[in-house]
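Just so it is clear, none of the values below were taken in a lab; they were calculated from the coordinates. Only a predicted model underlies this, so the values are computations on that prediction, with no experimental measurement involved. Here the Cβ is made from the backbone with ideal geometry for all residues, glycine too, and neighbour counts use every protein chain on show.
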Amino acid sequence: MQLSNGWTELIEDAKRQAAHAAIIAAPKQPVSSLAADHFQSKVTFINSREHAETMLQLVRQRAISHVGIRFSYFYSRPGVPINEHDIAYDPRSIRPTLLALTFVEHSGNTGTYRFVVDVRNPEVLPALKELLKEPIRFVGHEMKSDLFCLWKLRLGDVDMLWDARVAEGIQDLGRLHPRYARDKTDNGQAAQECEYEERFRLSLRGTCQHHGIRYMREQASLERQPVEHSAADIDGVVEDATAIASLYFAQVIDATIKGSLHHLETIAMDWTRTVARAEWRGVKPAVLLCERVREACEARLRELESQLIVFGIENFRSHDCLMEFFAKHGLLELFINDGEYGFDRKQLGLYIDRHEAMPLLYAARHIADIQRTGILNAQLIGGDGRLHALMELLGTESLRLTTKWPNILGISRIMRPLIIPETGYGIIEIDLSQIEVCIAAVVYWDIKLIHLCNSGDVYNGMAKLHYNDIPEADRHLSDKKFKKKHGPKRDCMKILTLGIIYGLTAFGISNLLNISKHEAQTLLEKFMAMFPSLRQRRDDVAAHAALRGYACTVSGIRRHRAAMGPLSDWELNWMRNHPIQGSAADPFKVACNRLDRLLRRFHAGLIVLFHDAVVIEAPLSHLQAVADLASQELCRAVQEMFPVLRPRVDVNIRRPESWNKDGDPNSVTDWLADPVKSALKKFEKMEE
DNA sequence: GAAGAGAGCGCC
DNA sequence: AAAGGGCGCTCTCTTC
């Protein structure tokens, strides 16, 4: 390990900070006891250095349990309209105006001390910075914006935080899943009502209402720039901070009752900070390359569209147009599936040589898809030249992250080189290999599967067990060579394994492998017979979950069903899956939380957080050290939580000049050379 | 004309 | 009878 590199910078940073701190933190007078009563039952406005230091002294003298914090702010850049309802703001353009702090004291002198700090006056900042280092629980609501304000003001971090929105969101997961609303289907509005209800439930007002705390404030506009603080602004932000402070104990008790306190304390709260920092940091788009991709898409699509019109396809995006076209050529029966006609790419690919128009159609679909790549939207680039995708912590029932504007997690693999590092930096990606299979093995405690997971490529191992026609000599090949020689067998094992995790049926397998239902059934039976305890425990766990009404991860996060009566197929599926998907997220988040702190010494940072992989932007001089550290932390976190596992990582570090898949930084330029040919690449071999 | 549903595609 | 867990995004078509 070469950790020593980064320490030089760290120490220099510390020296600079120490020199700075010596100037600002030296107390002017000896410490004297402040009359605490004086600060109770009123709001103290802080707009000078002297007042800020008094506040700091008071906090240090009192036995504070926690503090509710709330910034008021606006965005100096106008937001980018995404649709009728949503506006994307550049987080870097945030302008904090006020900070309300409600300190809660619970020993002897029970009560609160309420302050509002005018953070537009730089004089108050040094004392504030000191205050944030105090070992107090800082409680916020949707703390991402509070953290952005702290970072904008260069006030550093808060160590112990509690996000009341996250705490609320983690309880009762699953109850408002839109699927329940849809299945009841008396009216189509149900799903939307679900979303609205969820939004209200997680709002400060909704959360206060749930816990019986009085709170009536309306949210202020984010683009209005207050010239002077009105009394209403000040009252409002104080009311927020005070309500937030009141929520803390109620939520801790609630979380204790519902079994999620441990998860909140050890994973979720730090995760909010980790994710906020990734959003704050953003990713850098290769602007010129994006432009070239945009132009290529437009040009090629125009060509393809006019060619398709010759064949009578006026609009290749229209289902009806395709129906008409295929009916005219007597090809419609190729696309029938369960009484419906589907023209998805798999089906088009299957019959690509049935008509001259098919390849054109296939290519047009592909290119239209590339055109939708979110990072091509130049409007979303922030003032710092980077894309700050919105990262939502509570976007899924399994507590995986979701991203939007742009959906950075959904960028097609070949388009990843559109993300590049800043000058002097490189991009690396580290994946936990086959982690969900490993977690399934542990959660459902199948010794045989655990052993396979620990002894190398798990799909290779399964193939060796499953197929008895593999020559003895091949069984001792390296994973890489085995994979190359017995690729199809390995792929089959992979699909069957995903079947365990995702609840695939024989019907689904027959579709995926293009085999008959009967063959699929036989294959699945034989496969499941290899792991009898996995099957048994998987069904036991689901049966218990059904009785309780919720599935549970290893750290105690529950996903509830919202219906009574017998389980639907879908519910059975997620009840089997949630313990795996949700539990796999835990060690991943723990590792990211540690990396969020550890990478700072290298001036490196996490930029994309997948569900089992991290993308890191790091100075070229420390690239290897950062990769080693990240690999180590990812493996360590898995091992701490699941000591029986021997996790491995895949490190993609060879071409750090861009984000890429499997070390290929040229996938975008290759695509640009001939987009149509690229789209049809998989059919080339068939023609030869 | 707005909004929802569904299809289809991308990611893990 | 349905048939693959978790998502975001965009386009078309229908409905209110």
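By the helix-only formula, in which each DSSP H run with n ≥ 4 contributes -39500 (n - 2.57) and the sum is divided by residues, chain A has a 222 nm mean residue ellipticity of -15500 deg cm²/dmol.
Looking at chain A, what % of its DSSP beta bridges pair antiparallel, to the nearest 5? Around 80 percent of the beta bridges assigned by DSSP in chain A are antiparallel ones.
Working note: Cα gyration tensor of chain A, eigenvalues times five, square-rooted, sorted largest first, giving semi-axes of 48, 30, 28 Å. Relative intensity of the stretch A:436-582 on a log10 scale, I(q)/I(0) at q = 0.17, 0.18, 0.19, 0.21 Å⁻¹, equals -0.98, -1.07, -1.15, -1.31, per a Debye sum over C-alpha point scatterers of equal strength in the absence of solvent.
In plain terms, the chain from A:D344 to A:E324 could stretch by 5.6 nm, reckoned as 0.36 nm per residue minus the Cα-Cα distance.
Every pair of different Cα atoms in the stretch A:33-258 enters the Kirkwood calculation, which places the hydrodynamic radius at 18.9 Å. Distance from the alpha carbon centroid of the stretch A:592-653 to that of the stretch A:506-557 works out to 32 angstrom.
Treating r as the C-beta distance of A:L288 and A:K484 and R0 as 45 Å, the FRET efficiency rounds to 0.75. Other residues with beta-carbon under 12 Å from the beta-carbon of A:M358 carry, at +1 per Lys or Arg and -1 per Asp or Glu, a net charge of +1.
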